[in-house]
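Peer 1: I'd like to ask some things about the structure below.
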Amino acid sequence: MINALAERRVLLGVTAGIAAYKAADLVRRLREAGADVRVVMTPGATGFVGPLTFQALSGHPVRVELLDADAEAGMAHIDIARWADIVVVAPATADFLARLAHGQADDLLSTVCLATAAPLVLAPAMNQQMWRAAATQANCALLAGRGVDRLGPDEGRQSCGDNGPGRLVEPPAILAALERRFVSGALAGRSVLVTAGPTREPIDPVRYVSNHSSGRMGYAVARAAAEAGARVTLVSGPTALDTPAAVTRIDVATAEEMASAVRARLAGADIFIGTAAVADYRPAHVAAHKIKKDAATLTLALERTTDILAEAARREPPLFAVGFAAETGDLERYARAKLIDKHLDLVAANLVGTPGIGFNTEDNELVVFWADGQRRLTRAPKDRIARELVALIADRYAQTRAAATSADAPAAQEARA
Ligand code: CTP
């Protein structure tokens, strides 16, 4: 199962319904799925479940009041509205649906819902008669017309003793629906080959030449490609990372092992993404026995390794080749040179040497170059950057294919004539 919620910022709104206790279970499940969860409650909701419960489960303070002098010092209601990747209101009462439908902003949660550009998902819960009421149905239709998503309500026995529609959709179903929203399908049916991590080039049986790559960026790219619906094979140098869900991983150590693992899988690939920090040189001779420290100095002769990315980019028929470039200056010039020299479709470049960005760090920032364009992906955790990069790759890949098809069309017509 793909963990599409990992590192997603979920803002959970809780309104004043008896089902508010189920929202606590939802927070727990969201956290287990790797999401970063913040909870905003309406004042009425705190009569059903205390904010402390949500604070303990989410690991963050719960916001209730719109005019909270401390929190509002930095326009917190706008900050939190911008922070969210998705806003989920569960349970959403009839009153909340009505206020939302009419654009009211008389408490923190309704204000955040107005102020956010993130998708809004509502899970209504109320008495069946209230749900069937013409006003509630009209409010739901209005909200649906504005692109607000609704989950449920479910039918069944209600806490008031009635039977009918109005029960909150169960937390596992809400979780599954949220996961589905993040699985884009932009690479559905495509086969993606990713290299990641460092390589280790042996000097003797106990020593090697390597680098500081953690593999995190490559693993995040593999995960994001799988979320986008691709079949993903990850050829990985030694890392301490878990294999992302729904990704096939092949472990290698040296550049040559990585090169042959890639060669063996190139035939079926549509897209190749080289994120690995492949050693450019390896010791020309590997000592059969541990080198003893007899000599005062030791010189290692190094020889070039295969450029795996350049080799992949030369495959016939062509695949869509994406490279990474780590530069300490003159980003565009060097990145564009790689694009041309290695026959790439896209280069994702980052400035290394910037504190907090690049090798062995949590965050990254990329400038992506292609023949006639470029886009900056601003500093963010690697998972988020990877998702943005994969969305861009899917977009450029689709455009390249469309261009190739239309270029082929006259030739195909001629051939038929
Ligand atoms: N790459 C590769 N095989 C190699 C070397 C690099 O597949 N033997 C890939 C990397 O995965 C990355 C890109 O090529 O996608 C990096 O290009 P490279 O020319 O190695 O970058 P630098 O090491 O920065 O090169 P230079 O020192 O020439 O700037």
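Peer 1: Is it the case that segment 323-331 has a residue that's more than 21 Å from ARG223 (Cβ to Cβ) and away from the ligand (no atom under 13 Å from the Cβ)?
Peer 2: no
Peer 1: Only one of these is under 26 Å from ARG190 (Cβ atoms) and in contact with a strand residue (DSSP E or B) (Cβ under 6 Å, 6 or more places away or on another chain): ILE308, ILE273. Name it.
Peer 2: ILE273
Peer 1: Something else about it: Among (1) out of contact with any Leu (no Cβ under 6 Å at 6 or more places or on another chain); (2) surrounded by 17 or more Cβ atoms within 10 Å (Cβ to Cβ); (3) in the same structural domain as PRO124 (by TED's automatic domain parsing), which single condition is VAL39 missing?
Peer 2: Result: VAL39 passes all but (1).
Peer 1: Out of (1) free of Cβ contacts under 8 Å to residues at least 60 places away in the same chain; (2) more than 23 Å from THR199 (Cα to Cα); (3) more than 9 Å from the ligand (Cβ to nearest atom), what's the single condition that is false for ALA337?
Peer 2: All conditions are met except number (3).
Peer 1: What are the pairs, 6+ residues apart or on separate chains, where a residue within segment 273-287 that is more than 16 Å from SER214 (Cβ to Cβ) and touching a residue at least 12 places away in the same chain (Cβ under 8 Å) has its Cβ under 6 Å from a residue that is part of a loop (DSSP other than H, G, I, E, B) and of a type outside the set (Phe, Trp, Tyr)?
Peer 2: Partner pairs satisfying both residue conditions: ARG282/THR305; PRO283/LEU300; ALA284/ALA301.
Peer 1: Could you check segment 23-36 and list, in sequence order, the residues that are at pLDDT 95 or above and either on the phi > 0 side of the Ramachandran plot or open to solvent by less than 30 Å² (accessible area, probe 1.4 Å) (or both)?
Peer 2: ALA23, ALA24, LEU26, VAL27, LEU30, listed by residue number.
Peer 1: Only one of GLY185, GLY197 is without any contact (Cβ under 8 Å) to a residue 60 or more places away in the chain and closer than 30 Å to LEU319 by Cα. Can you tell me which?
Peer 2: Unique residue meeting the criteria: GLY185.
Peer 1: Okay, next question. With (1) closer than 25 Å to GLU256 by Cβ; (2) within 12 Å of the ligand (Cβ to nearest atom); (3) touching a strand residue (DSSP E or B) at 6+ places or on another chain (Cβ under 9 Å); (4) not hydroxyl-bearing (Ser, Thr, Tyr) as the list, and PHE320 as the residue in question, which single condition is left unmet?
Peer 2: The single condition PHE320 does not satisfy is (2).
Peer 1: I'd like to check which strands (runs of 3 or more DSSP E) are fully inside segment 305-402 and have at least 3 residues that are open to solvent by less than 80 Å² (accessible area, probe 1.4 Å) and modelled with pLDDT of 95 or more.
Peer 2: 320-327, 346-351, 363-370
Peer 1: Let me ask another. Identify, from the list ALA92, ALA76, the residue that is in the same structural domain as THR15 (by TED's automatic domain parsing) and crowded, with 21+ Cβ neighbours inside 10 Å.
Peer 2: ALA92
Peer 1: While we're looking at this one, here's another question. What are the residues in segment 299-312 that are among the hydroxyl-bearing types (Ser, Thr, Tyr) and near the ligand (Cβ under 10 Å from one of its atoms), if any?
Peer 2: Those that are among the hydroxyl-bearing types (Ser, Thr, Tyr) and near the ligand (Cβ under 10 Å from one of its atoms): THR305, THR306.
Peer 1: Another question about this same structure. Scan segment 234-263 for residues that are within 15 Å of the ligand (Cβ to nearest atom) and of a type in the set (S, T, N, Q) and jot them down.
Peer 2: SER236, THR239, THR254, SER260
Peer 1: Moving on to the next point. So which of LEU339, LEU346, LEU309, LEU331 is touching a helix residue (DSSP H, G or I) at 6+ places or on another chain (Cβ under 8 Å) and under 23 Å from LEU392 (Cα atoms)?
Peer 2: Criteria check complete, one pass: LEU346.
Peer 1: So which residues in segment 131-149 are part of a helix (DSSP H, G or I) and buried (at least 18 other Cβ atoms within 10 Å of the Cβ), if there are any at all?
Peer 2: Answer for segment 131-149, where residues must be part of a helix (DSSP H, G or I) and buried (at least 18 other Cβ atoms within 10 Å of the Cβ): TRP131, THR136, ASN139, CYS140, LEU143.
Peer 1: Right, here's the next one. Among what's in segment 264-276 and is more than 12 Å from the ligand (Cβ to nearest atom) and outside any strand (DSSP E or B), pick the residue that is modelled with the lowest pLDDT.
Peer 2: Among them, the one singled out is GLY268.
Peer 1: Would you call VAL64 within 22 Å of GLU170 (Cα to Cα) and either touching a Gly at 6+ places or on another chain (Cβ under 8 Å) or open to solvent by 20 Å² or more (accessible area, probe 1.4 Å) (or both)?
Peer 2: no
Peer 1: All but one of (1) crowded, with 22+ Cβ neighbours inside 10 Å; (2) over 30 Å from ASP383 (Cα atoms); (3) out of contact with any Lys or Arg (no Cβ under 7 Å at 6 or more places or on another chain) hold for ALA125; state the number of the condition that does not hold.
Peer 2: Status for ALA125: all satisfied but (3).
Peer 1: Continuing with the same structure: Looking only at strands (runs of 3 or more DSSP E) that lie completely in segment 171-260, which have at least 1 residues being in contact with a helix residue (DSSP H, G or I) (Cβ under 6 Å, 6 or more places away or on another chain)?
Peer 2: Fully inside segment 171-260 and qualifying: 191-196, 231-236, 247-251.
Peer 1: For TYR219, are the conditions met, namely being modelled with pLDDT of 95 or more, open to solvent by 30 Å² or more (accessible area, probe 1.4 Å), aromatic (Phe, Trp, Tyr) and not assigned by TED's automatic domain parsing to the domain that holds PHE96?
Peer 2: no
Peer 1: What about ALA371, is it more than 16 Å from THR195 (Cα to Cα), free of Cβ contacts under 8 Å to residues at least 40 places away in the same chain and within 9 Å of the ligand (Cβ to nearest atom)?
Peer 2: No, not satisfied.
Peer 1: Among ALA296, ALA279, which is the only one that is within 16 Å of the ligand (Cβ to nearest atom) and not in a strand (DSSP E or B)?
Peer 2: Only one candidate passes the filter, namely ALA279.
The values are calculated or read from the model by the stated rules, or taken from the named source; none is laboratory data. All figures in this text were calculated on a predicted structure; none of them were measured in a lab. As a convention, Cβ positions derive from the backbone with ideal geometry for all residues, glycine included, and neighbour counts pool all protein chains shown. In case anyone asks, the SASA skips ligands and DNA or RNA and just uses the protein heavy atoms, side chains included. Shrake-Rupley method; radii C 1.70, N 1.55, O 1.52, S 1.80 Å.
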